[in-house]
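Colleague: First the structure, then my questions, so here it is.
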Amino acid sequence: MRRRGGGRTVRGWRVAAAALVVAALAVGCRPVTVTGTGGADDRSGRHLPTTAAPAPDGGPPTTGRPTPPVSQERTRRPAKPVQPVMAAGSHGSQVRELQARLAQLGLFDRSPTGYYASVTAAAVRAFQRQQGLPATGAVQPSAWSALRSRTRQPSHAELYPPTTKPIGTPDPRCMTGRVICISKRSDTLAWMVDGRVVSAMDVRFGSQYTPTREGTFAITFKSRHHVSTLYHSPMPYAMFFSGGQAVHYSSDFAARGYSGASHGCVNVRDKRKIAALFAAAEKGTKVVVHR
């Protein structure tokens, strides 16, 4: 025979258990349905984020979403053009050194001027072709390095020669005694004493209609402030050597250079040098005009 108190206890436990189940459902402890890799949705339609899983290689966690590919190609900037060390229009001591070094290689047949123009550009192109470099006529760093490695440091006389063009080999007639040695080939006059060049200067000659005579002569007459009786033009520091032809200073030559010509005389454009020569050369001094 059961006890009433005991029956009530069993039934009470069952009622309590059922109440716990109902309470659990009421607070939302329900299973969720996964609808994709991007997260989960509960039955009310709310999106539930998924928990990221660690990457197998120890990298950043994966979320299941596809990772956009990383481009391996880097954007390359165009290389900056190499600036030339010197080019047409440059001037100064570095250009003078360039010309002197090119002259050592026989590529520049004039005396350094310090001005980079067409003649210098042509000499640079010749050197670049010899070295297998682009013949641009402008001195790039590679060409400047190659030139310096193949030449020596120019001396002061090479950098600042007395004449625009090299004097060249003196005529054999100029090698003894005191001689005014004048070269039509190099357009230079050299004052020589016993085969040694004491001074040198640029000169120009007469045109094809009034040519300067060639040969061996001697100073016959000197005139410090001479004026031509034929052309009425001043001829300072005139030293006559063949009839009316003389060596003298020319202001026209100093101003216009080789764009003009004389009427047969030997024009000098450096007034200081011709004045010194006028003082040193005496009447009877040998004058040699040659090619």
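Colleague: Just check the stretch 209-264 against the gyration tensor rule for me: Cα atoms, a ≥ b ≥ c as the square roots of the eigenvalues, rounded for a/c under 1.5, and otherwise prolate or oblate depending on whether a/b exceeds b/c.
Modeller: oblate
Colleague: If you take the charge dipole of the stretch 172-290 about its Cα centre, with +1 on Lys and Arg Cβ and -1 on Asp and Glu Cβ, which of VAL179, LEU189, HIS225 is farthest toward its positive end?
Modeller: My answer, from the dipole projection, is VAL179.
Colleague: What FRET efficiency comes out for GLU214 versus SER251 if R0 is 25 angstrom and r is the Cβ-Cβ distance? Round to the nearest 0.05.
Modeller: Rounded to the nearest 0.05, the efficiency is 0.45.
Colleague: Next question. Using amide H atoms built 1.01 Å from N in the peptide plane, name the residues 5+ places from PHE108, or on other chains, whose amide H lies under 5 Å from its own.
Modeller: Those lying under 5 Å, H to H, from PHE108 are ALA103.
Colleague: On a straight-distance basis, which lysines could pair with LYS286 in a cross-link, Cα separation under 27 angstrom, same-chain partners fewer than 8 positions away excluded?
Modeller: Straight-distance partners of LYS286: LYS165, LYS184, LYS222, LYS271, LYS273.
Colleague: I'd like the chymotrypsin sites (Phe, Trp or Tyr not before Pro) in the stretch 229-291 restricted to DSSP loop residues with at most 14 other Cβ atoms within 10 Å, sorted by number.
Modeller: TYR231
Colleague: Based on the Kirkwood radius over alpha-carbon pairs, what value in µm²/s does the Stokes-Einstein equation return for the translational diffusion coefficient of the stretch 172-290 at 20 °C and 1.002 mPa s?
Modeller: In µm²/s, the coefficient rounds to 154.
Colleague: Continuing with the same structure: First check a/c for the stretch 118-200, with a ≥ b ≥ c the square roots of the eigenvalues of its C-alpha gyration tensor; if it is under 1.5, answer rounded, and if not, answer prolate when a/b is larger than b/c or oblate otherwise.
Modeller: prolate
Colleague: Moving to a separate point now. If I stretch the segment between TYR160 and THR136 completely, what's the gain in nm (0.36 nm per residue apart, minus their alpha carbon distance), one decimal?
Modeller: Roughly 5.9 nm would be gained on extension.
Colleague: Short version: ³J(HN,Hα) in whole Hz for each residue of the stretch 181-194, in order, from phi by Karplus 6.51 cos²θ - 1.76 cosθ + 1.60 (θ = phi - 60°), x for Gly and Pro, what are they?
Modeller: Once θ is set to phi - 60°, the couplings for the stretch 181-194 become 9, 10, 10, 6, 5, 9, 6, 10, 10, 10, 8, 10, 10, 6 Hz.
Every read-out reported here was derived from the displayed coordinates using simple, explicitly stated rules and does not represent laboratory data. Predicted model only: the values in this text are computed from it and were never measured. Methodologically, a virtual Cβ is constructed for each residue, glycine included, from the backbone with ideal geometry; neighbour enumeration extends over all protein chains shown.
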